[in-house]
Structures are given as C-alpha cells and as structure tokens.
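The values are calculated or read from the model by the stated rules, or taken from the named source; none is laboratory data. Source: prediction; values computed, not measured. Cβ atoms come from the backbone with ideal geometry, glycine included; neighbour counts cover every protein chain shown. To get the accessible areas, we keep the full protein, side chains included, count just its heavy atoms, and leave off ligands, DNA and RNA. Shrake-Rupley method; radii C 1.70, N 1.55, O 1.52, S 1.80 Å.
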Amino acid sequence: MTLDRRSFLKLVGASAAGLPLIGRAAELMPKSGKRVVVIGGGYGGTIAAKYIRMADKSIEVVMIERNDHFVSCPFSNLYIGGVITDLNTLTIKYDKLAANHGVKVVQAEVTAIDPVAKVVTTSKGTITYDRLVVSPGIDFRLDEMKGYDAAAMEKMPHAWKAGPQTVLLRKQLVDMKDGGTVVMTVPLAPYRCPPGPYERASMIAHYLKKNKPKSKIVVLDGNPDITSKGPLFKKGWKDNYEGIIDYRPAKKVTEVDAKAMAVMVEGLEEVKGDVINVIPPQRAGQIAVAAGLVGDDKNWCPVNATTFESTKQAGIHVIGDACVAGAMPKSGYSANSEAKICATNVVALLNGKETTELSGINTCYSYITDKDAISVAGVYTVKEGKIIAVPNSGGVSPADFSATKIEAIYAESWLKNILTEMST
Amino acid sequence: MTMKWRGWVLATGALAISALAQAAPPSPAMLSNACAGCHGTNGGSYGPTMPSLANQSKEAIEVAMKKFKSGERSGSIMGRLAKGYSDAEITAMAEFFSKQKLHPTTQTLDKAKIAKGASLQEANCGRCHIEDGKEGKDDTPAMASQWLPYMQMQMADYLSGKRKMPEKMKEKVDPMSKEDLDALLHFYASVK
Ligand SMILES: Cc1cc2nc3c(=O)[nH]c(=O)nc-3n(C[C@H](O)[C@H](O)[C@H](O)COP(=O)(O)OP(=O)(O)OC[C@H]3O[C@@H](n4cnc5c(N)ncnc54)[C@H](O)[C@@H]3O)c2cc1C
C-alpha cells in the first residue's frame, strides 16, 4: 500500500501549495491532560463538544470548524420559499459555547487524520487527541453526477449545505420570469434529511403560487417514491399545489449540462429548466472518507451502536449524517441526540468507566405551506448491537392534517431550542 | 508517506475492543438529554411554545407523560414519543428534570396583567399551585417562569375541552373571565 503524495493530497482535498512538502506542520496546541478533538461545528459537533465539557470539566475539548459561523439547513427551505427573509435567525456563532463551557474553538480546515499517532492535521497546524469525534456532515458523490463541477454549482445550486448556496437558489427563483420551470433532482436514499427535498418542493411551490402562478416545479426523484412522510406530502401537494408540483418518481438524474440548463435522466431523457436545483448523491464528509472511516459501501461510516466509535479506526467516533446509525435518520435532531450519547460514552471510556446504552430521539418538522407543517418522530434503542426504533412508538402526523397548524408553531420553538442548545 | 499509510492499515485491522464490552442500561441523563433538543439543555426551554421541564415536579411530568402515552392528553408529537418509554424510564426522566434548577425565562409581559394576576392567584389557585407557582401540590405542575404562549395554548385546550381539567381546577376556572385567566398566566410567567 503506497500512495504518492499527490494522490494522497487529492484524497484529503488539500491543496499541495498549502502544506509543507516534507514532515508535519507545527503542533498548534501542545496537549497536557486528557483531550478530545471534535471535527465539525454543526448539529453534531457543537453538542458533542458541549456535553463532554458538561460531563467532565477535566477533559479539554478542542472543536475544529472551517467557518467562523454555522448556518442551519433546518428552516433554510423556508428562506428559499420566501417565508423567512433573513438567514441570521438560522446562523449561530461559537463565542458563547467557548465562554460558557470552555470549549476551545479552532477555525481551521482539517486535512488529515492519523489514527495511530492520534493527530489531526489542520490548515493551522497539528493537534493531538486522546479521542476524536468526527461530525463533518456530508459531501457529494460528484462522480455520479457528470458535469456537476464547481462552475455548474454556481449555475445550478444544490443548496444542500446552507449559506451562499441557499441565497443563490432563492435569488434565482426571485429573478425567474413568471411561467418559468423549476427543476429539482432528488438523489437515491440514503442522503441528508429524507423529507428535505419534499419540504423544499413545497416551499418553492408556495412561492410560485403566490408570486409566479404560471410557473411550475418538476421534481425528478431517483427514488421509486417519496422517501419520507409520503402520504402526507402527497395530500399537502394535492390540497395546495395541484398543477404546480409535477412529481416524477424513479427519475435518476446522472448528468447535468449547465450551459444548456438541462439535466439528463439516466443519461437519456433531457429535462430543461429556468432554475435547476441539483441535489447530488451524497456520502460522509470528505475528511471521513480520507481517514478510512467509511465502510464497504465507501460512503458512510459504520459505528458501534453504543459509543459511536468507528468500527474501522479505534479511538475515533463518528456521529451525525456521516455515520450509519441504524434506524436513526440523517437529521439534525438525530445528530444532536447521537452527539449526547457519544459524549457520555467518550467521557466514560476516557475515565475507564462503564459505558451506557443508547437512548435516542428524532423529531423533524417539514413545512407544506407557510402555516402548515407535518412531523415525524421516533425513539431509539439498541437491540443485538443495532439501533432500532422502539416498537409501537413514533410515527408521523395525523393523516387528516388536523395538527398542521399547531405543528407549524411548534416547529419554530424546535428551531429556537436546538440552535440555542448548539450555541450556548 | 509510506510509513504513515502502513500505520493506517494497521489501525484498520485493530478493531475497537471496547466495542464488545457490556454497557449499563440508559441512565436518567441518557434518557433525558435526548429531550433537550426541543426542551432545552437540562430542560430549560427557549422556545415559547415548548415548556421548560427544569425544576418541574416529578409527579407532574410522570402524569403528563403517562397521559400522552395513553392518548388521554393530545400533543402533536408527545404521544408518539411517550409511547417509546417504559413507566420506569418515565419516572427516571421525571426525576432528572425535577432536580434541575428553575430556568428563568425572559418574556415580554403586560405589567398590569401581572399585577391583576398576582391579586387573584392566592385565593383561586394557591392551594395547588403553591409558592407563587414555584411548586405544585401532588401532580400539579409548577408554573413559575413557564412560557406564556405555552400556558395560553394549554388554557385554550382546557377551555375547549381538548384537555381535561382536574375537578378542583374546573370549579375555580369556570366562573372566571378570560381576562382573569390570562392575567393569572401573566403572573405565573413573571415569577422568577
Ligand atoms: C434543506 C435541508 C433541510 C433540513 N431540515 C431539517 C429539519 O427540519 N430537521 C432536522 O432535524 N434536520 C434537517 N436537515 C438535516 C440536517 O441539516 C443534518 O442532518 C445535520 O446538519 C447533520 O449534522 P452534522 O453534524 O452531521 O453535519 P453539519 O451540521 O453539516 O455539520 C458539519 C460541520 O463540519 C464542518 N466540517 C466538515 N468537514 C470539515 C473539515 N474537514 N474541517 C473543518 N470543518 C469541517 C462543516 O463546515 C460543518 O459546519 C435538513 C437538511 C437540509 C439540507
């Protein structure tokens, strides 16, 4: 197993110019006592960092995040639909997390993990750890979406990581002429946030109905059917967006042509749009792939169902979208719940104490209109080493839509609380 | 570089031994922390329509969860979630939250209504909602510093019959005006 330096760097996504050619970058912060390093300051990472410190102040926690702020994907579809007009309410900073809990926040890009030496390399230097928690979210399998390069992303935004891409998609919708066609592509599951694409279709349709009534949205779904809350979305679309949402299942998009503003279904059928939202197939964040944390599928990271420790690399825990968490879906709430379970057990392992079995929750709301939302909720446990939903619990909103108004109100408090948890 | 990669391969072979060890059943904190995504860290809520659970009476949480579980009390997702827990787990969570410090909320409240509520509360509600609502008799929920929008939604459910009032509460509430009831909720929300 030899790999030349250039392909190694390509693998970890680092630029050759940014790193010294020989040897390791300087140690950024020498370690004295027990230290956990957390990669990622999103839904999973912030909570893991905070809860480790809440459980044991003697453990030093260093959280490494490439940005100085984080924009929430949850509720970003409402921004795209014009229901909320400001991304600030979806944005958190890390100053209070640092001040309240003593989490050391390092703004840097992690470019490599050495699981043997227990060192992560960042754009600012190396950092050693006793245990590592990896919550990098997702990256895209661009080799499965021909033509979807960096330039194409600027013309056909994915908006599957919230921030500038979200703003771009919103702007394109606003600039589109009435009578235009929006095209959205949905990748094969598993991907980040199963109901997310359908909530987005709803929010775009909500905007079109109000502002551009002659327009429509074509949803090209690679899956055989809506992957989450299916009957509820179908009812919501029938009640509100008849003739606006054109849902086409089993249409896997494999290629885009940014110049022609077209996508190709299975390389055969061409579909053109005035605005095109390409949601590409996904896998664990690149750093997890580079560090050899992904399983046989080469996409997602298998973990122990109690500790979220990687089954590929000892001492490294993977949480959030990047990991395979059995029945727990790839959602922000799951990431939050997994982070706490992981934190509890990381502290136990560092202190040589007994670990604790998982008990987790997911709750996820999706908006259909500006005033109607539907939800899915679940409680999780472990059986024979696998994370399963507790039998006869959980499920989706009532089929008759009797709770959609109240759920739209509850969803706002959901966001407020979960973002406050992450940032204070 | 070659060295490093050999190291990686070695590490891949060495599976985590700790993974095979036995784990203790979910602790009260393990169970309760999962709720905090919606109810706030340690049950201190910042979302005006989701109640704080911190410092809530143990019995009140137990009763609420069991009613959610049986369907007697409706809640959009709480019924679905409560079904995921055994009675012993519910008790463990109730105990966990009852031990957390009161979570003082910052809310915009009407001063006149607070004053009016203050004058009404002792005679009308004080037998069960004791200590200005900081505590509750038996399974009566504590209401001090609870979110006003949450309490208003609950009161609306009581008045519409969607949520069943305890007999003693009904006796007091029935003759009261909506304004008086709202004043009372303002008062309890204001207690720190
Ligand atoms: C449109 C949309 C709507 C959604 N709605 C909901 C919803 O309503 N409810 C819900 O529960 N979930 C929702 N989700 C899903 C939710 O956003 C994800 O499940 C959640 O963000 C996963 O958390 P995470 O920690 O795995 O990743 P993230 O939250 O994405 O955090 C990963 C962080 O790691 C950082 N990072 C990655 N690699 C590196 C590196 N090498 N160096 C430094 N930093 C790095 C990233 O910058 C990022 O900040 C939605 C998703 C989308 C796309």
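Before moving on, here are some points about what is shown:
- Semi-axis lengths, largest first, of the ellipsoid equivalent to chain B are 43, 19, 14 Å, with √(5λ) applied to each eigenvalue of the Cα gyration tensor.
- Subset of B:LYS99/B:LYS192; B:LYS99/B:LYS168; A:LYS96/A:LYS312; A:LYS177/A:LYS210; A:LYS212/A:LYS272; A:LYS31/A:LYS57 violating a 24 Å alpha-carbon distance limit: B:LYS99/B:LYS168; A:LYS96/A:LYS312
- Each Lys or Arg adds one and each Asp or Glu takes one away; over the other residues whose Cβ falls under 12 Å from the Cβ of A:GLY102, this sums to +3.
- Against chain A, whose longest principal axis is taken from its Cα atoms, helix A:230-240 shows a tilt of about 40°.
- Computed over chain A: relative contact order in percent, which uses C-alpha pairs under 8 Å that are six or more apart: 18
- Average other protein chain Cβ within 10 Å of Cβ, residues A:353-362: 6
- Helix axis angle, A:45-55 relative to chain A longest principal axis, alpha carbon, degrees: 40
- Where the alpha-carbon atoms of segment A:253-316 are placed on the principal axes, they occupy 48, 20, 19 Å, in descending order.
- Candidate lysines - alpha carbon under 19 Å from A:LYS234, same-chain residues fewer than 8 apart omitted: A:LYS209, A:LYS216, A:LYS251, A:LYS371, A:LYS405
- Sulfur and carbon atoms: percent of accessible area, segment A:162-251 [1.4 Å]: 56
- Listed residue (B:TRP147, B:THR91, B:ALA112) projecting farthest to the positive dipole end of segment B:84-192, Cβ model: B:ALA112
- Segment A:56-100: trypsin sites (Lys or Arg not before Pro) in DSSP coil with no more than 16 other Cβ atoms inside 10 Å: A:LYS57, A:ARG66, A:LYS93
- Average accessible surface for segment A:382-424: 48 Å² per residue, computed with a 1.4 Å probe over protein heavy atoms with every protein chain in place.
- Residues considered: A:ILE319, A:ILE361, A:ILE64. Largest GNM mean-square fluctuation over chain A, using C-alpha springs under 10 Å, is found at A:ILE361.
- Farthest toward positive dipole pole in chain B [+1 Lys/Arg, -1 Asp/Glu at C-beta], among B:ALA29, B:ALA183, B:GLY161: B:ALA29
- Computed over segment A:83-187, Cα set: Rg, Dmax in Å: 19.0, 59
- Under the Debye formula (equal points on every Cα, no solvent term), log10 I(q)/I(0) of segment B:26-98 at q = 0.22, 0.24, 0.25 Å⁻¹: -0.97, -1.17, -1.27
- Over the protein assembly as shown: Rg over Rh, Cα atoms, Kirkwood Rh: 0.99
- Within the accessible area of segment A:308-375, the carbon and sulfur atoms contribute 50%, probe 1.4 Å, all protein chains present.
- Chain B: relative contact order as a whole-number percent, Cα under 8 Å and 6+ apart: 23
- Computed over segment A:146-280, the P(r) tail beyond 19 angstrom holds 45 percent of alpha carbon pairs.
- For B:46-58, mean number of other protein chain Cβ atoms within 10 Å: 3
- Magnitude of the charge dipole, segment B:111-190, Cβ model with Lys/Arg +1 and Asp/Glu -1, debye to 20: 180
- Peptide A:306-314 is shielded by partner chain Cβ atoms: per residue, an average of 5 of them sit within 10 Å of its Cβ.
- Sorting the segments A:122-133, B:166-177, B:64-75 by their residues' average number of neighbouring beta-carbon atoms within 10 angstrom, most packed first, yields A:122-133, B:64-75, B:166-177.
- Using a probe of 1.4 angstrom and keeping all protein chains present, the accessible surface of chain B works out to 50 square angstrom per residue.
- Here segment A:227-272 is described by how far its Cα atoms reach on the three principal axes: 35, 20, 14 Å, from widest to narrowest.
- Calculated log₁₀ intensity ratio I(q)/I(0) where the Debye formula runs over C-alpha points of segment A:230-367, q = 0.09, 0.10, 0.15, 0.22 Å⁻¹: -0.44, -0.53, -0.91, -1.23
- Ellipsoid equivalent to segment B:111-190 - semi-axes via the Cα gyration tensor, in Å: 17, 15, 13
- The protein assembly as shown: antiparallel DSSP beta bridges as a percent of all, rounded to 5: 50
- Interface between chains B and A: roughly 4500 Å² of accessible area buried, both sides summed (probe 1.4 Å, protein heavy atoms only).
- Protein accessible area in chain B, 1.4 Å probe - carbon and sulfur %: 57
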